[in-house]
Amino acid sequence: MSTIRNVGVIGAGTMGNGIAQACAVACIDAVMIDVAEAPLAKGVASIAGSLERLVKKDKLSAADRDAALARIGTATDYAALGRVDLVIEAATENPSIKFEILRRADGIARPDAILATNTSSISITQLAAVTKRPDRFLGMHFFNPVPMMALVELIRGLQTSDDTVAAADAFARVLGKTPITVKN
């Protein structure tokens with residue numbers, strides 16, 4: 001089982017920036033990838049606002065807020081995925097967009113990296129089939145708002161390996177989440 005130390009999140013919208021925030025607060029480096037600088041800036045601003053609310057409620061120190069923000073990088077180039085242990089696709093619920101994103105991520109991510117999707121409605125097996133690593137692919141369905149919701153569904157595809165599920169389970173627990181494994 002591989003330990004996940006850094007994560008690439010594709011999509012800086014509500015789910016993507018929430019996943020990046022959860023990683024950063026748990027001391028895991030995260031890079032958000034999106035099509036342009038504007039959605040990335042909006043995603044980072046959303047995270048900063050969320051962390052600031054936690055500081056005001058005495059649930060996070062200012063130093064921890066600053067450290068979390070420093071752990072979040074942004075990029076419009078998928079090359080940033082070349083160093084991560086886990087890629088989580090969190091784009092819009094459109095199969096053709098997800099297929100293209102996952103093909104691109106699969107071609108750049110290290111061979112030992114895990115690929116995941118945050119989808120709750122598209123077949124994991126179908127999404128895994130567009131990659132060269134269906135054994136290292138699974139669904140990681142986070143719930144909105146990600147920083148507050150404890151549950152994460154781990155969804156196996158037909159070829160998802162036990163090691164992949166174990167690594168995703170351990171990662172979810174590091175984030176302070178409660179992972180449950182569900183059927184595709």
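Read-outs: derived from the displayed coordinates by stated rules, not from any lab. All values reported here derive from a predicted model rather than from experimental measurement. Cβ atoms come from the backbone with ideal geometry, glycine included; neighbour counts cover every protein chain shown.
Over the chain, what is the mean sequence separation of C-alpha contacts under 8 Å (at least six apart), divided by residue count, expressed as relative contact order in percent?
On the way: 375 pairs, mean separation 41.3, N = 184.
Computed over the chain, the figure is 22 percent.
Roughly speaking, what is the stretch gain from K56 to A170, that is 0.36 nm per residue apart minus the C-alpha to C-alpha distance, in nm to one decimal? Walk me through the numbers on the way to the answer.
On the way: separation 114, 0.36 × 114 = 41.04 nm, distance 3.02 nm.
Result: 38.0 nm gained on full extension.
From the C-alpha gyration tensor of the range 115-184, pull out the three semi-axes of the equivalent ellipsoid (sqrt of 5λ each), sorted largest to smallest, in whole Å.
Equivalent ellipsoid semi-axes, largest first: 20, 13, 9 Å.
Could you give the distance between the Cα centres of the range 79-117 and the range 51-71, to the whole Å?
One Cα centre to the other: 29 Å.
So for the chain, if I pair up every lysine 8 or more residues apart or on another chain, how many of those pairs have alpha-carbons under 23 Å apart?
9
Looking at the chain, which longest stretch skips every one of the trypsin sites (Lys or Arg not before Pro) that is in a DSSP loop with at most 15 other Cβ atoms within 10 Å, leaving the sites themselves out? Don't jump to the answer; show the numbers that get you there.
On the way: sites that count: R5, K57, K59, K132, K183.
In the chain, the maximal stretch lacking such sites is 60-131.
Can you give me the long-range amide H partners of T117? Hydrogens built in the peptide plane at 1.01 Å from N, cutoff under 5 Å, separation of 5 or more residues or another chain.
Amide H neighbours of T117: E89, L138, G139, M140.
Please work out whether the range 87-134 counts as rounded, prolate or oblate from its C-alpha gyration tensor, where a ≥ b ≥ c are the square roots of the eigenvalues and a/c under 1.5 means rounded, while otherwise a/b larger than b/c means prolate and anything else oblate? Can you show the working numbers first?
Numbers: a/c = 1.70, a/b = 1.60, b/c = 1.06.
Verdict is prolate for the range 87-134.
Can you run phi through the Karplus equation (6.51, -1.76, 1.60; θ = phi - 60°) for the range 28-44 and list ³J(HN,Hα) in whole Hz, with x for Gly and Pro?
Result, rounded to whole Hz: 10, 5, 9, 10, 8, 10, 8, 6, 8, 5, 4, x, 5, 4, 5, x, 5.
Expressed as a rounded percentage, what relative contact order does the range 11-110 have, with Cα pairs under 8 Å and six or more residues apart? Mind dumping the intermediate values first?
Working: 120 pairs, mean separation 32.8, N = 100.
Normalised by residue count, the contact order of the range 11-110 is 33 percent.
In sequence order, what are the phi-derived ³J(HN,Hα) couplings for the range 83-88 according to the Karplus relation 6.51 cos²θ - 1.76 cosθ + 1.60 with θ = phi - 60°, rounded to whole Hz, with x for glycine and proline?
Result, rounded to whole Hz: 10, 8, 8, 9, 10, 10.
Return one number: the angle in degrees, 0 to 90 and rounded to the nearest 10, between the long axis of the Cα atoms of helix 162-174 and the longest principal axis of the Cα atoms of the chain.
Tilt of helix 162-174: around 10 degrees.
Can you tell me the orientation of helix 95-108 relative to the chain, as the angle in degrees between its alpha-carbon axis and the longest Cα principal axis, to the nearest 10?
90 degrees
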